[in-house]
Amino acid sequence: MPRVTPHADITLHVNGIDHPLHADTRTTLLDALREHLGLTGAKKGCDHGQCGACTVLVDGRRANACLLLAVAVEGSEITTIEGLGDGEALHPLQDAFVAYDAFQCGYCTPGQICSAVGMIAEARDGWPSGVSGDLTADPVLDDDEIRERMSGNICRCGAYANIVPAIAEVAR
Amino acid sequence: MRPFEYQRAADAADAVAAVAQPGTMYLGGGTNLVDLMKLGVETPERLVDVSRLPYADVEDLPDGGLRVGGAVRNSDLAAHRSVRERYPLLALSLLAGASGQLRNVATIAGNLLQRTRCPYFQDVSKPCNKRRPGSGCPAREGDHRNLAILGHSPSCVATHPSDMAVALAAIGADVHVTGPDGERSIPIPGLHRLPGDEPSRDTVLEPGELITALELEPLAAGLATRSTYRKVRERASFSFAVASVAAAVDVVDGTVRDCRIAIGAVAHGPWRAWRAEESLRGAPSTEASFAAAAEAELAQADPLRDNAFKVPLVRNLIVATLGDLCGDVR
């Protein structure tokens, strides 16, 4: 008889909706979103926290969904790319990515946009980055700052040249 | 990934009791542990989640130091006003590590306890004395370009990947832990050990001990003002160090009154450069003094076949960093 692997009954709060879930404890937040809830916006790229394609917001902060266990984020508010617009109008960053043609294949785009949402909030909270000259000053999101702060999101098509100005338009 | 049971600890005592069960590990932010579980490097039967225990505060201490809870996220510590103002080298080390997403999740305790990124440690199809004691070390004759040049042993040439730990080694800190035998504190440097013939142990922590807080020593304003963290890596951001230095220097009238130097990505833990500091204290703040200090430290370097480049790299990194810090006083 096959051994029953440990499961847990959890409720994930995603984009304002409660989702009860009976899942293997090994389920990552990314797999829960994609395989259990049908929210396939967040993408599985490397599955090791190195590419950023799975970036979502957890209690308003950007995080790699592939490295979070679903059981460990019970009680947190999850926002995915599907939850950014209001159903009709796009989020300003989504509009900017379209306007600036900030993608080619689009696979990294949901992660780029969720990451940018979190990044802009971090900068507005005064968080410095590794390229901020003065650690105590309010950061100004110039191109160097955007590149450094977005370094957790890889674009294999190399659309960075348009991603940076798309983010800059919303950030400034 | 191997199946495991998951539980959230109610408090530290509950966590310590739970982790005493065989095959049980603490789970903090999980950015390293979950990855290692996916790789099959770690195979816990049970995880005890300690990330929501009430150890997420940063408090100024009366002596000018800082107390940092073990569950504080890397990003919160980097952004904390006291760190930015009084420990700039610590803020810079945190900001040099990982990505924004990872820093938001990874805890301070987990940062200290993250495992080496030696390619053999992370590949379960290969021998590794750290992962499987006694199985051998292919790195010594294999791919060791980014491994240790200081303090390694015949059984292990791994480096510790933390940037933050390098800054803490320069600043000085006490790690507060609670465990089966009660509470104690362990100094940094001192938490991380050299591999010797027991490379499976990264630190001097005993089984079941939980990091609840760090207490940073006060850093005199004269040192903090001229302090930095500089990291050499193979791309501009989001990459582990090839070498790094945390440095602070207090210069008065062209003479180095006090200094702190620690180097990273060169050994099994952050490497406090005691010999360099001894050489530099009281010396004129000149490039010749900086070079002499770096060379005093690196005289004990024992590079491997393919990583000898790190010796001049670290020398030049120390000289350039001290030069930048003292640039306007020479």
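Cα centroids of the stretch A:91-164 and the stretch A:6-56: 23 Å apart.
Between amide H atoms placed 1.01 Å from N, distances below 5 Å from B:LEU147 occur with no residue 5 or more places distant or on a separate chain. Peptides A:113-124, B:174-185, ordered by how many other C-beta atoms sit within 10 Å of their residues on average, highest first, read A:113-124, B:174-185. The Cα atoms of the stretch B:236-330 give a gyration tensor whose axes a ≥ b ≥ c have a/c of 1.5 or more with a/b greater than b/c, which makes the shape prolate. A simple rule links phi to the HN-Hα coupling: the Karplus curve 6.51 cos²θ - 1.76 cosθ + 1.60 with θ = phi - 60°, which for the stretch B:122-135 gives 8, 10, 5, 7, 10, x, 6, 5, 6, 7, 9, x, x, 7 Hz, with x for Gly and Pro.
When a/c is below 1.5 the answer is rounded, else prolate if a/b is larger than b/c, else oblate, so apply that to chain A with a ≥ b ≥ c taken from the square roots of the Cα gyration tensor eigenvalues. Prolate shape, in that a/c is at least 1.5 and a/b is the bigger ratio.
In terms of surrounding Cβ atoms within a 10 Å radius of their Cβ, B:LEU95, B:LEU33 rank from fewest to most as B:LEU33, B:LEU95.
I need the GluC sites (Glu not before Pro) found in the stretch B:204-302, filtered to DSSP loop residues with at most 15 other beta carbons within 10 Å of theirs. Answer in residue order: B:GLU234.
Backbone amide hydrogens, once placed in the peptide plane, bring B:ARG8 within less than 5 Å of B:ASP49, excluding anything fewer than 5 places away on its chain.
Every helix of 4 or more DSSP H residues in chain A counts as -39500 (n - 2.57), and over all residues that averages to -7500 deg cm²/dmol at 222 nm. Residues of the stretch B:310-329 with amide nitrogen under 14 Å from the 7 Å Cα-to-Cβ point of B:THR225? Only B:325-329 fall inside the zone, counting backbone N under 14 Å. For B:ARG52, neighbours were defined as the other residues whose beta-carbon sits under 13 Å from its Cβ, and their charges (Lys and Arg +1, Asp and Glu -1) total -3.
Helix content alone sets the calculated 222 nm mean residue ellipticity of chain B: runs of n ≥ 4 DSSP H residues at -39500 (n - 2.57) each, divided across all residues, give -8000 deg cm²/dmol.
Placing +1 on each Lys and Arg Cβ and -1 on each Asp and Glu Cβ, with no other charges, gives chain A a dipole about its Cα centre of roughly 620 debye. Using the Cβ-Cβ distance between B:ASN316 and B:VAL124 with R0 set to 45 Å, the FRET efficiency works out to roughly 0.75.
Computed from backbone phi with θ = phi - 60° and the Karplus coefficients 6.51, -1.76 and 1.60, the 3J(HN,Hα) list for the stretch B:159-170 is 10, 8, x, 5, 7, 4, 4, 5, 5, 5, 5, 6 Hz; x is used for glycine and proline. Using C-alpha pairs under 8 Å with a sequence gap of at least 6, the mean separation divided by the residue count of the stretch B:225-325 gives a relative contact order of 24 percent.
The dipole here belongs to chain B: it is taken about the Cα centre, uses +1 on the Cβ of Lys and Arg and -1 on the Cβ of Asp and Glu, and is about 1000 debye.
Rounded, prolate or oblate, given the Cα gyration tensor of chain B, with a/c below 1.5 counting as rounded? In terms of gyration-tensor shape, oblate. Here the 3J(HN,Hα) profile of the stretch A:149-159, calculated from phi with Karplus coefficients 6.51, -1.76 and 1.60 at θ = phi - 60°, is 5, 9, 5, x, 10, 9, 10, 6, 6, x, 7 Hz, Gly and Pro shown as x. With a Förster radius of 30 Å, plug the Cβ-Cβ distance of B:ARG2 and B:VAL204 into 1/(1 + (r/R0)^6) and report the FRET value to the nearest 0.05. Working from the Cβ atoms, E equals 0.60. Taking other residues whose beta carbon is less than 13 angstrom from the beta carbon of B:LEU304, and scoring Lys, Arg as +1 and Asp, Glu as -1, yields 0. Database remark: amide H of B:GLY70 closer than 5 angstrom to the amide H of B:ALA213, B:LEU214 (H placed geometrically; neighbours at sequence offset of 5 or more, or on other chains; Pro and chain starts carry no H). In this label model, B:THR286 and B:GLN300 are separated by 2.8 nm, measuring between points 7 Å along each Cα→Cβ vector. Using R0 = 30 Å, the C-beta based FRET efficiency linking A:HIS19 and B:ARG235 works out to 0.20.
Once you reduce the stretch B:230-260 and the stretch B:1-19 to the center of their Cα atoms, the two points are 39 Å from each other. With each label modelled as a point 7 angstrom along the Cα→C-beta vector, the A:CYS46-A:CYS157 pair spans 2.0 nm.
Computed from the coordinates by the stated procedures, all read-outs in this text should not be read as laboratory data. Predicted model only: the values in this text are computed from it and were never measured. Cβ atoms come from the backbone with ideal geometry, glycine included; neighbour counts cover every protein chain shown.
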